[in-house]
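Since the structure comes first, as structure tokens, the remarks are kept for the end.
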Amino acid sequence: MAYQKYDTCIDLCEACSKECEQCVAECLEENDQTLKQCIQLGRDCADICTLSANLMSRGSEFANQMCSLCADVCKACGDECNNHKQMEHCKRCADACYQCETECRNARMAKAA
């Protein structure tokens with residue numbers, strides 16, 4: 001089961017998805033139009049992270065490409081949340097996104113080798 005070496009990446013993708021979903025829920029409660037991009041990216045990031053974790057878990061031939069996209073989306077979401085880091089939920093989300101981004105890039109490089 002070669003995919004087991006990506007357990008850390010899978011775990012971080014799942015954790016990031018959870019933080020993004022929680023951030024989106026809390027941003028929606030803020031009823032603040034400046035959070036629109038944060039909400040949209042949070043939704044995209046949660047979905048991409050979940051799909052990436054699923055593809056890695058099953059050893060999909062497309063996992064490498066998804067990890068690359070996941071890293072890009074996590075970076076974008078983390079950067080946007082960082083703009084609102086005065087809100088604890090955005091700070092937690094940004095931290096999770098950056099951790100996931102780093103691990104997805106590392107996992108992608110490991111798969112390419």
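Could you check region 1-27 and list, in sequence order, the residues that are surrounded by fewer than 13 Cβ atoms within 10 Å (Cβ to Cβ) and not β-branched (Val, Ile, Thr)?
Within region 1-27, Met1, Ala2, Gln4, Lys5, Asp7, Ala25 meet the criteria.
If I filter region 61-76 for residues that are in contact with a helix residue (DSSP H, G or I) (Cβ under 8 Å, 6 or more places away or on another chain) and assigned to a loop (DSSP other than H, G, I, E, B), do I get at least one hit?
Looking for residues that are in contact with a helix residue (DSSP H, G or I) (Cβ under 8 Å, 6 or more places away or on another chain) and assigned to a loop (DSSP other than H, G, I, E, B), one finds at least one in region 61-76, hence yes.
Residue by residue through region 57-69, note down the ones that are over 14 Å from the mean Cα position of the chain (by Cα) and not polar (S, T, N, Q).
The answer is Arg58, Gly59, Glu61, Phe62, Ala63.
Every residue, every condition in (1) modelled with pLDDT of 95 or more; (2) within 25 Å of Lys5 (Cα to Cα); (3) in contact with a strand residue (DSSP E or B) (Cβ under 7 Å, 6 or more places away or on another chain), yes or no:
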site	(1), (2), (3)
Arg43	yes, no, no
Cys49	yes, yes, no
Ser60	no, yes, no
His89	yes, no, no
Ala107	no, yes, no
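Out of (1) of a type in the set (Lys, Arg); (2) surrounded by 15 or more Cβ atoms within 10 Å (Cβ to Cβ); (3) not in a helix (DSSP H, G or I), what's the single condition that is false for Arg43?
For Arg43, the failing item is (3).
Kindly check whether there is at least one residue in region 53-67 that is without any contact (Cβ under 8 Å) to a residue 40 or more places away in the chain, surrounded by 19 or more Cβ atoms within 10 Å (Cβ to Cβ), farther than 18 Å from Glu88 by Cα and hydrophobic (A, V, I, L, M, F, W, C).
yes
The values are calculated or read from the model by the stated rules, or taken from the named source; none is laboratory data. Computed from a predicted model, the values in this text were never measured in an experiment. Cβ: placed from backbone, ideal geometry, glycine included. Neighbour counts: every protein chain shown.
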